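Visitor: Okay, here's the structure, questions in a sec.
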Amino acid sequence: MKRLISMVIAVTIPAAVAGDRQIGMGKSVQPRILTVSKTPGLATFNAIEPALEEAAAQDTIEIIDDGVYEEDLLIREAQTGLTLRARTGNKPVVKGAGPSIIEIFGAEGVTIEGLRITGGAAVGLVATGPAVRALRVNDCRFETIPSAGILLDNGDAAEIVDCTFRNLGGAGISLRAGADVEITSNDFYGGPMNTSLSNGILVEGSSVLIDRNYLIGLGGSGIATVLQPVEAPRRESAVTIVNNLITGCGAADPQEGDGIRILGSSNTVNHVRIVNNTIVNSARLGVGFGFEAGAIASRAEMYNTIVTASGPPGGVASDIAVYSEASVSLSQTTAQTTIRFCFIGQDPVFGSLTRDGNITGDPKFEDAARGNYRLGYKSPCIDAGSNEAIADFTYDAENSGRIFDGDSDGHYDVDIGAYEYDYTLM
Ligand SMILES: [Ca+2]
Ligand SMILES: [Ca+2]
């Protein structure tokens with residue numbers, strides 16, 4: 001009987017919705033798909049910007065070839081819910097010339113998908129004007145751009161998923177002034193255009209979830225939180241860094257080459273959670289912490305993370321350390337920093353190796369020389385993490401399930417590092 005009632009409801013409600021749509025049809029315009037191709041006669045438009053000038057809210061612009069479009073694009077405030085995408089299987093290139101290749105001015109709910117974005121005089125994609133909310137950038141490639149790949153600020157909220165950032169003069173993704181962003185399953189690579197500013201992800205007074213990304217050979221740091229200007233308003237931000245592989249930072253500037261840089265000041269209050277990452281071969285520090293005097297509200301917690309092989313070859317290595325500026329107090333930073341159940345190569349600063357479940361030694365990666373930082377079968381990181389620390393997620397950097405009983409002792413414990421060891425997958 002119960003099933004019958006729910007079936008009746010299921011039939012009735014869509015009918016009512018359909019009725020409302022029909023009533024409104026005379027006034028509102030249905031979303032359209034505007035096609036773009038360089039080949040004459042194949043699509044409605046032969047360039048993207050004219051399609052953008054024509055597009056209304058909720059419309060889709062679909063590029064249906066692999067053409068190189070030498071244009072700078074503007075998405076306007078009224079174009080709520082606009083989708084700008086490549087047709088599945090096509091890889092069109094947007095090659096800009098101006099200060100931003102794609103500018104989104106205040107429009108909410110915009111999706112950018114499947115584009116290769118290159119060139120320009122500064123940034124690849126920027127949100128300007130009123131806060132751009134519910135932006136989704138998916139399966140795009142940002143390559144050979146003089147400054148940042150994506151720049152978001154002032155309350156912009158976005159998801160950036162399955163994108164590639166390569167050979168940029170600035171950060172792959174730069175967040176400022178209260179942006180709120182999820183960065184999931186992207187690849188960040190270095191390149192000859194890298195400078196000391198070429199961080200993977202730069203976070204200045206913004207909240208961010210950084211989950212399952214690869215950050216490889218970047219010019220500066222992998223993930224850097226930096227301080228807002230002193231005149232900026234006080235912002236409290238949540239920075240969560242989970243399941244990332246970060247290797248070879250500092251390729252352009254070893255002095256800026258930290259895997260993760262955590263800072264805090266009186267107006268830049270960061271609540272940082274670093275869980276199950278693998279951070280290796282950083283030119284300077286694996287993870288650096290620096291909370292300025294007056295930054296007592298900032299916190300950093302690091303769990304289940306491998307940090308090793310940091311520092312210059314042959315130099316004095318420290319995998320985790322405190323920034324040495326005069327304003328940074330070691331005792332204060334230590335009180336605000338929790339490091340538990342991590343694998344750390346060397347830590348002469350915090351002395352964390354012999355306490356709180358932390359371990360050291362040889363991590364026994366599967367094949368570090370070839371960039372394979374999965375755990376080998378004798379790794380001490382297997383089943384050595386804290387299950388409590390991963391309450392919010394049940395997967396690893398490759399979307400394989402955690403928690404696996406990797407040492408076959410009947411106890412299911414999470415591993416340390418970005419990858420969960422599972423011998424049934426070997
Ligand atoms: Ca395990
Ligand atoms: Ca076990």
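Visitor: Could you list, ordered by first residue, the pairs with Cβ atoms under 7 Å in which the first is in region 410-425 and assigned by TED's automatic domain parsing to the domain that holds CYS381 and the second is more than 10 Å from ligand 2 (Cβ to nearest atom) and part of a helix (DSSP H, G or I), at least 6 apart or interchain?
Guide: ASP413/ASN387; VAL414/ASN387; VAL414/ILE390
Visitor: Quick one: how many residues across region 348-407 are farther than 20 Å from TYR423 by Cβ, free of Cβ contacts under 8 Å to residues at least 40 places away in the same chain and within 15 Å of ligand 2 (Cβ to nearest atom)?
Guide: 1
Visitor: Here's something else I'd like to know. Of the residues ASP383, ASP415, ASP409, ASP396, which is touching an Asp or Glu at 6+ places or on another chain (Cβ under 9 Å), over 16 Å from ASN304 (Cβ atoms) and within 13 Å of ligand 1 (Cβ to nearest atom)?
Guide: Working: ASP383 fails: over 16 Å from ASN304 (Cβ atoms); ASP415 fails: over 16 Å from ASN304 (Cβ atoms); ASP396 fails: over 16 Å from ASN304 (Cβ atoms).
Selected residue: ASP409, the only one of ASP383, ASP415, ASP409, ASP396 that is touching an Asp or Glu at 6+ places or on another chain (Cβ under 9 Å), over 16 Å from ASN304 (Cβ atoms) and within 13 Å of ligand 1 (Cβ to nearest atom).
Visitor: Same structure, new question: Would it be correct to say that ASP413 is of a type in the set (D, E, K, R), under 27 Å from the mean Cα position of the chain (by Cα) and under 21 Å from THR247 (Cβ atoms)?
Guide: On the way: of a type in the set (D, E, K, R): yes; under 27 Å from the mean Cα position of the chain (by Cα): yes; under 21 Å from THR247 (Cβ atoms): no.
For ASP413, the condition - of a type in the set (D, E, K, R), under 27 Å from the mean Cα position of the chain (by Cα) and under 21 Å from THR247 (Cβ atoms) - is not met.
Visitor: Given the residues THR118, THR60, which is the only one that is within 24 Å of THR39 (Cα to Cα) and within 24 Å of the chain's Cα centre (by Cα)?
Guide: Values: THR60 fails: within 24 Å of the chain's Cα centre (by Cα).
Step by step, each of THR118, THR60 is checked, and only THR118 is within 24 Å of THR39 (Cα to Cα) and within 24 Å of the chain's Cα centre (by Cα).
Visitor: Can you name the strands (runs of 3 or more DSSP E) wholly within region 322-383 that have at least 3 residues being β-branched (Val, Ile, Thr)?
Guide: Per the criteria, 337-340.
Visitor: Then there's this: So is TYR373 in the same structural domain as ASP211 (by TED's automatic domain parsing), buried (at least 22 other Cβ atoms within 10 Å of the Cβ) and within 12 Å of ligand 1 (Cβ to nearest atom) or not? Let's see the steps before the verdict.
Guide: Numbers: in the same structural domain as ASP211 (by TED's automatic domain parsing): yes; buried (at least 22 other Cβ atoms within 10 Å of the Cβ): yes; within 12 Å of ligand 1 (Cβ to nearest atom): no.
For TYR373, the condition - in the same structural domain as ASP211 (by TED's automatic domain parsing), buried (at least 22 other Cβ atoms within 10 Å of the Cβ) and within 12 Å of ligand 1 (Cβ to nearest atom) - is not met.
Visitor: Which members of region 273-283 meet the condition of being among the basic types (Lys, Arg) and surrounded by 24 or more Cβ atoms within 10 Å (Cβ to Cβ)? Before you say what the answer is, go through the steps one by one.
Guide: Looking only at region 273-283, we keep the residues that are among the basic types (Lys, Arg), and these are 273.
If the condition is that a residue be among the basic types (Lys, Arg) and surrounded by 24 or more Cβ atoms within 10 Å (Cβ to Cβ), then no residue fits.
Visitor: What tally of residues in region 417-426 results from selecting those that are at pLDDT 95 or above and within 13 Å of ligand 2 (Cβ to nearest atom)?
Guide: Taking region 417-426 first, the residues at pLDDT 95 or above are 417-421.
From the residues that got through so far, the ones that are within 13 Å of ligand 2 (Cβ to nearest atom) too are 420-421.
Matching residues across region 417-426 total 2.
Visitor: For region 135-178, how many residues are among the aliphatic types (A, V, I, L, M) and touching a Cys at 6+ places or on another chain (Cβ under 7 Å)? Talk me through it step by step, then tell me what you get.
Guide: Taking region 135-178 as the starting set, the residues that turn out to be among the aliphatic types (A, V, I, L, M) are 135, 137, 145, 148, 150-152, 157-158, 160-161, 168, 171, 173, 175, 177.
Among the residues that remain, those that are also touching a Cys at 6+ places or on another chain (Cβ under 7 Å) are: 137.
Qualifying residue count for the region: 1.
Visitor: Right, something else. Scan region 236-245 and tell me whether some residue there is out of contact with any Gly (no Cβ under 8 Å at 6 or more places or on another chain) and in a loop (DSSP other than H, G, I, E, B). Steps first, please.
Guide: To start, the set of residues in region 236-245 that are out of contact with any Gly (no Cβ under 8 Å at 6 or more places or on another chain) comprises 236, 238-243, 245.
Now drop any that are not in a loop (DSSP other than H, G, I, E, B), which leaves 243.
Checking region 236-245: at least one residue is out of contact with any Gly (no Cβ under 8 Å at 6 or more places or on another chain) and in a loop (DSSP other than H, G, I, E, B).
The values are calculated or read from the model by the stated rules, or taken from the named source; none is laboratory data. Since the structure is predicted, the reported quantities are computational estimates derived from the model, not experimental observations. All Cβ positions, glycine included, derive from the backbone under ideal geometry; neighbour counts span all protein chains shown.
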